[in-house]
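The values are calculated or read from the model by the stated rules, or taken from the named source; none is laboratory data. Computed from a prediction, not measured in an experiment: that's the story for all the values here. Virtual Cβ from ideal backbone geometry, glycine too; neighbours counted across all protein chains shown.
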Amino acid sequence: MSTIAFEGRTMSDQARHAEVAGAGFAGLTVSIALARKGWSVRLHEQNDELRDFGAGILLWRNAMLALEVIGVAATIRERGVLPDSYDTSLNGELVSEEIPGFPYWAITRPELHALLTDAAREVGVEIVAGSKAVAAEPAGVLVLEDGSRLEADLVVATDGAGSAVRNSLPALVQERKKYQDGVCRVLIPRPDEFKGEEWDRVIDFWTLEPDAMRILFIATGPDTIYMGMMASTANERASRIPIDVEVWSERFPHLASAIELAGVATGGRHDAYQTNKVTPWSDNRVVLVGDAAHAMCPALGQGASVGIVNAVELAHTLDQYDDITEALAIWEERERPMSDAAQARSAFMAETRTMAKGNGFSAEVMETANFELSAAGPDVLALYPVPKGARP
Ligand SMILES: Cc1cc2nc3c(=O)[nH]c(=O)nc-3n(C[C@H](O)[C@H](O)[C@H](O)COP(=O)(O)OP(=O)(O)OC[C@H]3O[C@@H](n4cnc5c(N)ncnc54)[C@H](O)[C@@H]3O)c2cc1C
């Protein structure tokens, strides 16, 4: 067993050091944000390859503000798709056509992951692939599967909803809940019939009889479409990867050509909806960020965005205090109400399937998207103005 120590370090003479477990969106973002504040950061990823699976992601204003602070938003604005409207169709009839009042971006998950990985490397984050964390000690030690004990000023657990690091800390109490639905997510090449500006929008196709099935159809670039295919987990055929072309085409015959492509798409994934609420988010010098702290149902499209926001806010708050545990408490007090509200709201929307009638971009629904980061200065906020009508 080896111990790597960072002894005798004080804020004034040496950079503070973080060991981060999990290189998803939350882990990469917190690593970049800390490194930009002068921390030395080592980021561990259990997989041998650094990448995300084949799907798309929506990034709302809150995430874009955070990504702007760490310097990657401009590329997303450049490469992502800016959907002009959010349309909802129920049983083949358009039931709502909504504009949320301010822009949001669609991009593929692999692209976002690659952008963050490049940014992390540029700012000096040491990324160790094939390195699995199994536990942490509250005094600031990350324990790896090979038995190494890595000391740090701060251990950050960003190892996702099933976080092994979180589960090793009895002081962090969690409530987990599973829901009725799940989603198959795939990326398909964009067929000619779905090219053109009229398809640069989010289209949410629903049928509720004999059971709920939904296809969220999002152009993520000139050559890709992201399909989020939701069904009850009790519907085994509709929960399969690869996609069961027959069962989906029967329900959505007008999307048959896209469903054919979904059936042969590789790299997709099925996830059942689940939430975990953890209290508190830290134990002494170990802190949870992202799904490890607050996995949520995807109704609001905010899970990753809230994690990205909290990651940037964490680095900003730590920069303002010498005492790490004091900074963690202040950070959680500010971020928790917004994160809890997003979790509760998305769970309600998922349980009641309200989105079959439209997104309903009320000020309340937009509250998370409009959250203003303390890390974002006036110049950053000015890039994403909130129209009056969209303010909560
Ligand atoms: C259907 C669906 C649609 C969604 N759409 C959106 C959307 O449009 N917008 C949005 O903002 N959010 C969305 N989300 C939520 C979003 O996908 C998650 O919140 C986000 O991916 C969580 O990021 P994370 O980095 O916290 O965790 P993860 O993505 O789970 O990443 C964890 C990382 O840690 C690694 N890891 C795990 N265990 C260990 C270990 N022991 N040691 C080392 N490494 C480890 C994993 O391999 C992985 O790389 C959606 C979710 C679902 C289910």
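Report, by residue number, each residue of the stretch 20-51 that is more than 7 Å from the ligand (Cβ to nearest atom) and farther than 14 Å from Ile127 by Cβ. Lay out the reasoning, then the answer.
To start, the set of residues in the stretch 20-51 that are more than 7 Å from the ligand (Cβ to nearest atom) comprises 20, 28-43, 48-51.
Within the stretch 20-51, Ala33, Arg36, Lys37, Gly38, Trp39 qualify.
Scan the stretch 1-48 residue by residue and report those that are modelled with pLDDT of 95 or more, touching a strand residue (DSSP E or B) at 6+ places or on another chain (Cβ under 8 Å) and among the polar types (S, T, N, Q).
Ser31, Ser40, Gln46, Asn47
If a residue has to be under 21 Å from Ser96 (Cα atoms), part of a loop (DSSP other than H, G, I, E, B) and either touching a Phe, Trp or Tyr at 6+ places or on another chain (Cβ under 7 Å) or among the polar types (S, T, N, Q) (or both) to count, how many in the stretch 344-392 make the cut?
4
Only residues that are surrounded by fewer than 24 Cβ atoms within 10 Å (Cβ to Cβ), touching a residue at least 60 places away in the same chain (Cβ under 8 Å), in contact with a helix residue (DSSP H, G or I) (Cβ under 9 Å, 6 or more places away or on another chain) and not in a helix (DSSP H, G or I): list them for the stretch 302-324, please.
Of everything in the stretch 302-324, just one residue is surrounded by fewer than 24 Cβ atoms within 10 Å (Cβ to Cβ), touching a residue at least 60 places away in the same chain (Cβ under 8 Å), in contact with a helix residue (DSSP H, G or I) (Cβ under 9 Å, 6 or more places away or on another chain) and not in a helix (DSSP H, G or I), namely Asp319.
Among the candidates Glu332, Glu372, Glu351, Glu364, single out the residue that is touching a residue at least 24 places away in the same chain (Cβ under 8 Å), in contact with a strand residue (DSSP E or B) (Cβ under 9 Å, 6 or more places away or on another chain) and over 18 Å from Ala26 (Cβ atoms).
On the way: Glu332 fails: over 18 Å from Ala26 (Cβ atoms); Glu372 fails: in contact with a strand residue (DSSP E or B) (Cβ under 9 Å, 6 or more places away or on another chain); Glu364 fails: in contact with a strand residue (DSSP E or B) (Cβ under 9 Å, 6 or more places away or on another chain).
It is Glu351.
Say we look at the stretch 182-214 and pick out the residues that are in contact with a Leu (Cβ under 6 Å, 6 or more places away or on another chain) and of a type in the set (A, V, I, L, M, F, W, C); which of these is surrounded by the most Cβ atoms within 10 Å (Cβ to Cβ)?
Here the residue is Ile188.
Can you list residue pairs whose Cβ atoms sit under 6 Å apart, with the first residue in the stretch 132-157 being within 11 Å of the ligand (Cβ to nearest atom) and the second being basic (Lys, Arg)? Count only pairs 6 or more apart in sequence or on different chains.
Partner pairs satisfying both residue conditions: Val143/Arg149; Glu145/Lys132; Ala157/Arg166.
Which members of the stretch 55-82 meet the condition of being within 11 Å of the ligand (Cβ to nearest atom), at pLDDT 95 or above, farther than 14 Å from Ala219 by Cβ and not in a helix (DSSP H, G or I)?
Of everything in the stretch 55-82, just one residue is within 11 Å of the ligand (Cβ to nearest atom), at pLDDT 95 or above, farther than 14 Å from Ala219 by Cβ and not in a helix (DSSP H, G or I), namely Leu59.
Quick check on Arg121: is it in a helix (DSSP H, G or I) and either farther than 19 Å from Gly307 by Cβ or more than 21 Å from the chain's Cα centre (by Cα) (or both)? Walk me through how you get there before you give the answer.
Working: in a helix (DSSP H, G or I): yes; either farther than 19 Å from Gly307 by Cβ or more than 21 Å from the chain's Cα centre (by Cα) (or both): yes.
So Arg121 fits the description; yes.
In the set Val309, Val365, Val380, which member is touching a Leu at 6+ places or on another chain (Cβ under 8 Å) and closer than 30 Å to Ser232 by Cα?
Details: Val309 fails: closer than 30 Å to Ser232 by Cα; Val380 fails: closer than 30 Å to Ser232 by Cα.
One residue alone meets the criteria, Val365.
Can you give me the number of residues within the stretch 217-271 that are more than 16 Å from the ligand (Cβ to nearest atom) and in a loop (DSSP other than H, G, I, E, B)?
Residues in the stretch 217-271 being more than 16 Å from the ligand (Cβ to nearest atom) and in a loop (DSSP other than H, G, I, E, B): 9 in total.
Only one of Leu150, Leu115 is in contact with a Lys or Arg (Cβ under 9 Å, 6 or more places away or on another chain), farther than 30 Å from Lys388 by Cα and part of a strand (DSSP E or B); which?
Just one listed residue meets the conditions, Leu150.
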